[in-house]
Amino acid sequence: KDSLILTGASSSAPISFAEIIQENTILSSLPFMQKYTLLISLLVALLLPVVILLLRIHIVQPLQKLNKAMKHIQRGDLQYRITPYRTSNEITIVNHTFNKMMDEVQHLKISVYEEEIKTQKSLLRSLQMQIQPHFIINSLNMVYNLIENRDYQMAKQLIVYSVEFYRYMVKVD
């Protein structure tokens, strides 16, 4: 009644093994195991807040700062940068890379705007160059028709206005 019998068969021979262990032998180590289990549980309970605090400081807060920066950028604030602070090397590299990437994005955006302005100016000049010869020909044709109809006063006025227009166009270019 006070013992535990363990049995098992051999895999290589038709033999069975039996072991008789007294209950007091098993139960004698139980308080020892209970003490260690309690001690380990207390240590985990005491260290858990410290581990959570360290995780918050080194992982959660840096990720929150990165998330905040991305929200600023998403709203169109391309000037926003993550200010350097003391943290792990990996987070420092991520923050530095983010700031560098935003500098490049801002530079590229300015370059694209400048290229668009250059393209529009070039297109405007091209259109002006196409329009001016037609305008000159039409103006001369109107002056010719006015002179042929003997409307000299209107022809003089058209010539004066055309001269003023061309002077203005030269100043604008």
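In the stretch 49-71, the residues that are under 13 Å from I91 (Cα atoms) form Cβ pairs under 6 Å with partners that are assigned to a helix (DSSP H, G or I), at six or more places apart or across chains, as follows: P62/I91.
Here L6 does not qualify as more than 32 Å from the chain's Cα centre (by Cα), at pLDDT 85 or above, in a helix (DSSP H, G or I) and of a type in the set (A, V, I, L, M).
Residues checked against (1) under 30 Å from D103 (Cα atoms); (2) out of contact with any strand residue (DSSP E or B) (no Cβ under 7 Å at 6 or more places or on another chain); (3) surrounded by 10 or more Cβ atoms within 10 Å (Cβ to Cβ):
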site: D2; (1), (2), (3): no, no, no
site: P14; (1), (2), (3): no, yes, no
site: I20; (1), (2), (3): no, no, no
site: L47; (1), (2), (3): no, yes, yes
site: I52; (1), (2), (3): no, yes, yes
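Exactly one residue among R81, R86, R167, R125 is out of contact with any helix residue (DSSP H, G or I) (no Cβ under 8 Å at 6 or more places or on another chain), within 30 Å of I57 (Cβ to Cβ) and not hydrophobic (A, V, I, L, M, F, W, C), and that residue is R86.
Residue check: is R56 basic (K, R), open to solvent by 80 Å² or more (accessible area, probe 1.4 Å) and part of a loop (DSSP other than H, G, I, E, B)?
The answer is no for R56.
Within the stretch 161-173, the set of residues being open to solvent by 80 Å² or more (accessible area, probe 1.4 Å) and aliphatic (A, V, I, L, M) comprises V170 only.
Please work out if I91 is touching a helix residue (DSSP H, G or I) at 6+ places or on another chain (Cβ under 6 Å) and either under 30 Å from L4 (Cα atoms) or open to solvent by less than 100 Å² (accessible area, probe 1.4 Å) (or both). Yes.
With respect to the conditions (1) surrounded by fewer than 15 Cβ atoms within 10 Å (Cβ to Cβ); (2) not in a helix (DSSP H, G or I), K71 falls short on a single one, namely (2).
The values are calculated or read from the model by the stated rules, or taken from the named source; none is laboratory data. The shown structure was predicted, so the numbers you read here are calculated from the model rather than taken from an experiment. Note: ideal-geometry Cβ built from the backbone for every residue, glycine included; neighbour counts use all protein chains shown. Ligands, DNA and RNA are excluded from the accessible area calculation, which covers all protein heavy atoms including side chains. Shrake-Rupley method; radii C 1.70, N 1.55, O 1.52, S 1.80 Å.
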